[in-house]
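**Student:** Here it is, the structure in full.
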Amino acid sequence: TFGQYIETKSPIHKADPRVKMLLLIFVVVLIFLAQNMYGLFLSLVFIVMVVLVTKIPVKTYLKNLKAVLPIILLTSLINMFYGDADSGVLLEVWKFTITFGGLYRAVFMALRIVLLIIISSSLTYTTTPNDLTDGIEHILSPLKFIGLKNAVHTLALMMTIALRFIPTLVEEAEKIMNAQKARGADLESGTIIERIKALIPILIPLLISSVRRAYELAEAMECRCYNGGEGKTRMKQLKMTAVDFKIIVITLIYGLAVILLNIILSHKVE
């Protein structure tokens, strides 16, 4: 579902796309800056509040975690063996030792990845492709002063189209996989190498379908006389409202709290 716009009547849907994108970057930086579980828990509370305000079902956000679940598990497993030995031994298996510090680190990293995916999904769920294009173009507008006027619009359009077609390609891949299974293809058993080989009959039709969709999109843009960003006007002008300022203030308070927690707890450790 990543990249898909879901319409609801929430304040975040009405917010300026420029504000949402800049605040997303700010929140992502804060999640990485959180040096302790208290700061990460505060980030969790903030992101849960965002999810509830968007009025989008929680299970829709959780669907995105299924695709990256192997990455989350692998990251947690790796970090589990890098804990502080002084924190106490939890389990010893052959030459590997799992400590309480390693377990804490594994949970910390897994939670950080989950929060990053959820907060990133909230942007595409609450912002239309047109608003994303306009927002990216406005944010990158300073590049126009160094001779990249047309490149700014082209880059914004490319990023928006890429995000927009993620759910479409996933749906297409599922259809191809179901068709292959109906013909007797075994995609879920065997060794890793056998599973990779079984994906080849899926990747080739998916590639052909993607190229065909790209040609159809190019023809549709030509039929609508699209000629890039030169002379382009907008029916909807981006303007900041009271909702945007409220969101900015709440996010800044959250950011200040995370930074203060880092400072206070670092002094206590010293």
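**Student:** With +1 on the Cβ of every Lys and Arg and -1 on the Cβ of every Asp and Glu, and nothing else charged, how large is the dipole of the chain about its Cα centre, in debye rounded to the nearest 20?
**Tutor:** With Lys and Arg at +1 and Asp and Glu at -1, about 580 debye.
**Student:** Let me ask another. Report the Rg/Rh value for region 167-222, based on alpha-carbon coordinates and the Kirkwood definition of Rh.
**Tutor:** My calculation puts Rg/Rh at 1.11.
**Student:** Which lysines have a Cα less than 29 Å from the Cα of residue 144, not counting those fewer than 8 places away in the same chain?
**Tutor:** Partners within reach: 14, 20, 232, 236, 239.
**Student:** Additional query: Suppose accessible area is computed on protein heavy atoms with a 1.4 Å probe; arrange 112, 213, 195 from highest to lowest.
**Tutor:** 195, 213, 112
**Student:** A further question follows. Measure off 7 Å from each Cα along the Cα-to-Cβ vector at residue 240 and residue 35, then give the distance between these two points in nanometres to one decimal.
**Tutor:** 3.1 nm
**Student:** Just need the relative contact order of the chain here, percent rounded to a whole number, with Cα pairs under 8 Å and 6+ apart.
**Tutor:** Across the chain, relative contact order equals 29 percent.
**Student:** Shifting gears a bit: What number comes out for accessible area per residue over the chain if the probe is 1.4 Å? Units Å², please.
**Tutor:** 64 Å²
**Student:** Rounded to the nearest 0.05, what FRET efficiency do residue 52 and residue 81 have when you use their Cβ-Cβ distance and R0 = 45 Å?
**Tutor:** After rounding, the FRET efficiency stands at 0.80.
**Student:** Over 5 Å intervals from 0, what percent of Cα-Cα pairs in the chain sits in each interval?
**Tutor:** 1, 5, 9, 12, 13, 13, 13, 12, 10, 7, 4, 2, 1, 0
**Student:** Further, regarding this structure: Tell me, what % of the accessible area of the chain is carbon and sulfur with a 1.4 angstrom probe?
**Tutor:** 69 percent
**Student:** Same structure again: Ordered by packing density, taken as the mean number of other Cβ atoms within 10 Å over each peptide's residues, highest first, how do 8-19, 69-80 rank?
**Tutor:** Those peptides, ordered most packed to least, come out 8-19, 69-80.
**Student:** Restricting to DSSP H runs of at least four residues, report the calculated mean residue ellipticity at 222 nm for the chain, -39500 (n - 2.57) per run over all residues, nearest 500 deg cm²/dmol.
**Tutor:** My calculation for the chain gives -24000 deg cm²/dmol from helical runs alone.
**Student:** By the scheme Lys and Arg +1, Asp and Glu -1, what is the net charge of all other residues having a beta-carbon under 14 Å from that of residue 207?
**Tutor:** Charge balance in the 14 Å sphere: +1.
The values are calculated or read from the model by the stated rules, or taken from the named source; none is laboratory data. This one's a predicted model, so the numbers in the text were calculated from it and none came from an experiment. Neighbour counts run over all protein chains shown; Cβ positions are idealised from the backbone, glycine included. Just the protein is used for accessible areas: all its heavy atoms, side chains included, with ligands, DNA and RNA removed. Shrake-Rupley method; radii C 1.70, N 1.55, O 1.52, S 1.80 Å.
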